[in-house]
1. Only residues that are in contact with a helix residue (DSSP H, G or I) (Cβ under 6 Å, 6 or more places away or on another chain) and part of a loop (DSSP other than H, G, I, E, B): list them for region 199-244, please.
2. Select the strands (runs of 3 or more DSSP E) contained entirely in region 289-362, then report the ones holding at least 2 residues which are under 19 Å from residue 392 (Cβ atoms).
3. Considering 291, 344, 327, which residue is at pLDDT below 95 and out of contact with any strand residue (DSSP E or B) (no Cβ under 6 Å at 6 or more places or on another chain)?
4. Condition first: buried (at least 16 other Cβ atoms within 10 Å of the Cβ), modelled with pLDDT of 95 or more and more than 24 Å from the chain's Cα centre (by Cα). Now tell me which residues in region 238-279 satisfy that.
5. Please determine, by comparing only the residues of region 361-376 that are over 13 Å from residue 327 (Cα atoms) and free of Cβ contacts under 8 Å to residues at least 60 places away in the same chain, which one is farthest from the chain's Cα centre (by Cα).
6. Read through the list (1) crowded, with 18+ Cβ neighbours inside 10 Å; (2) touching a helix residue (DSSP H, G or I) at 6+ places or on another chain (Cβ under 8 Å); (3) over 18 Å from residue 471 (Cβ atoms), then give the number of the only condition that residue 432 fails.
7. Regarding residue 181, is this residue assigned to a loop (DSSP other than H, G, I, E, B), farther than 21 Å from residue 107 by Cβ and touching a strand residue (DSSP E or B) at 6+ places or on another chain (Cβ under 7 Å)?
8. Please tell me if residue 465 is in a strand (DSSP E or B), in the same structural domain as residue 317 (by TED's automatic domain parsing) and free of Cβ contacts under 8 Å to residues at least 24 places away in the same chain.
């Protein structure tokens, strides 16, 4: 073997061993089926043609020609301008400046610009107000879609984002047929010839259709790696082969700096309008943050304005959490839906509930579960639903709550709120069943003046509070409340849950007090 060729191979090997990637460790070709440590992550196999995710087994994977996309962007002009301005603020011409930006994002204790691409990309979307303000950039440090599926699910829920997986190298992909849009979140796969994987956000697209990103880049070969943060053009539709996507797949040009994109890319794209919060809503969020910080623990919360069709407040509401007894409301909805599937006439429903069951009466079990929070009644009703052959998971998915688990009692608060909203608005069960369920939720029982119940004394005469508390203090700590609050022509869904964890210790009394303070803060906002 010629010495020059051997030298090239040895240098290439050294590059693979020592190069610190911008995002994720360099994939190794050996043992791709074994679960490797974080420091050596092989690429999963991807299809040979672009495939929107999730793909269906009965259809052929579409190509860019067959993938529909709108001519207009979902993001408003103001939102796109805000994203660009936020991104430009991260630009750093020196490694020292880039390090300062990495430390400011705070995604890990010893932040470094060499592996900040995930946190940088997610911080751009978050700080532009396009994602939940509570999204943690740390979750995207060395993030991989295949091993961090839950992070992807809660950050880019399928009801709000499109998801595509493409196998073609970015150098071969037709971005004229499938142009990128501002706000697109992209994961680049290195492929066999690549040396690192990378995450980026498309931060702007100009009038000529050229797509740009602000990202961290290595500018010097080993061993003198030098990372900066630059705005780079990804591609120019008028000049095929020009742009960062092509530079990252140009072995002759960037062999010693880094190569990626050979293995294709995954893309998450906004598919529904992004709500901008009002100043009053932002002030409410600040007030709730302060209350939660004083109480200690970890908090998840959500407030919906049903009449305005707005999310008033959302704090980590897409995370799947333990909902304790609040899950009993969806259980009751499922029970009524299972009876509906049996073609029980609505006018006969009260009599049917009072005369049917399995060693118990449905009417009594429903009352005991919803009003007294009886656990035996809950178990009996779940078994009754399951024994009837009713498909619980399919029904929840059709209702838009696929991640609600009534057996484990876990769910994203966003999906519980969606079920509460649909219940109140008459979307999921028959009117008579809805009325009965709401009556049980509004029936007064001991301690109903606590937690969100402090709102009872503040509501006008026509006001109503339909709620279900959730509590676990034995073995684990869960304190929460979920309510539909109505007065005049207004209606809100409020869910607030506190758990131990975080930097400040807490207890059940502090969590209850914080929920009550939060309810009063909401009232100051809404009254």
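The values are calculated or read from the model by the stated rules, or taken from the named source; none is laboratory data. Treat the numbers as computed from the prediction; the structure is a model and nothing was measured. FYI the Cβ positions are ideal-geometry reconstructions off the backbone, even for glycines, and counts take in every protein chain you see.
1. 222, 226
2. Numbers: elements: 298-305, 310-315, 320-322.
Result: 320-322.
3. Residue meeting the stated conditions: 344.
4. 243, 244, 245, 246, 247, 248, 249, 259, 260, 261, 262, 263
5. My answer is 361.
6. (1)
7. Answer is yes for this residue.
8. Yes; evaluated as a whole, the condition is true for this residue.
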